[in-house]
Amino acid sequence: MSVRLASRLGVVAALAVPLQLGCSVTPVPEPPALDANKISVPPGPMTTSTMIPILGEARAAPPLASVEVTNLDTTEASVEATARRDGSFELAVSGDAGNELRFQAMVGSSRTPPLDFIIQGREIGPSERHPCVKVGPGYEAFAARDGSIEITIENSCAVPVTLDGARMRLGSGGFSLTTPLPVDLPSGTSATLWLDSQGGPSEDVLFIDVVVSGRSIRYPFSVFAP
């Protein structure tokens, strides 16, 4: 190879390096989420025996998000508050010990995944779930164009799992479960539950009792229809 050709190739290679270094893949932004570790009941006396004050610390929610809390054990409307620019918020929700509270935040057209807590006297703690049971797409599901809603439950336990006790939180007929229950899932299998939206309320919660080794835990799935 001649000195002149080698020199030219060297120049091309030198020019190519900055181009390669300058190329980068734009990261896909993560969906907004609530931080369970930054949500609690603040110390101090309660205003009433049934109103539970909730405090979200800074970065508990996406900035300026609309935070919605629903008591899954009542049919009362959700309570809402707007997060501050630092992601903190305050609100109060009606509830008793043992009630389950569902937190979600709305940012434009996006919703954070549901975050569930149990009222434990003067505190709230994360809702219990079977560690070997997986759900998809998550604890919320949206109707397809034909009005159908699909929820998948997978048994990763070493023992069979039973799905039973389907009921709706509002129970007003807007949704119906078309998959007959109970369903027994051997270890390593999954089942798909189908619901139909019937032109009633556009939002409800489907409860399913998931039984593992005789222990039943209620699983709540928020369902939405256009």
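Values in this text are rule-based calculations from the coordinates and carry no lab data. All of these numbers come straight from a predicted model, not from anything done at the bench. Here Cβ is always computed from backbone atoms with ideal geometry, including for glycine, and neighbour counts include all displayed protein chains.
Assorted remarks:
- Applying 0.36 nm per residue to the separation of E128 and S156 and subtracting their alpha-carbon distance, the gain on full extension is 8.4 nm.
- Taking Cβ atoms as reference points and 14 Å as the exclusive limit, the residues near P63 contribute a net charge of +1, counting Lys and Arg as +1 and Asp and Glu as -1.
- For region 36-126, the Cα-based Rg and Dmax, in that order, read 12.2, 37 Å.
- With 0.36 nm allotted per residue and the present C-alpha distance subtracted, the T179-F224 stretch has 14.4 nm of extension available.
- Prolate/oblate/rounded label for region 128-226 (Cα gyration tensor, a/c 1.5): prolate
- Projecting label points 7 angstrom from Cα along Cα→Cβ for D196 and T75 puts them 2.3 nm apart.
- Inter-label distance for L64 and L170, nm, one decimal - labels placed 7 Å from Cα along Cα-to-Cβ: 2.9
- Order of L34, L72 - criterion: other Cβ atoms within 10 Å of each residue's Cβ, fewest first: L72, L34
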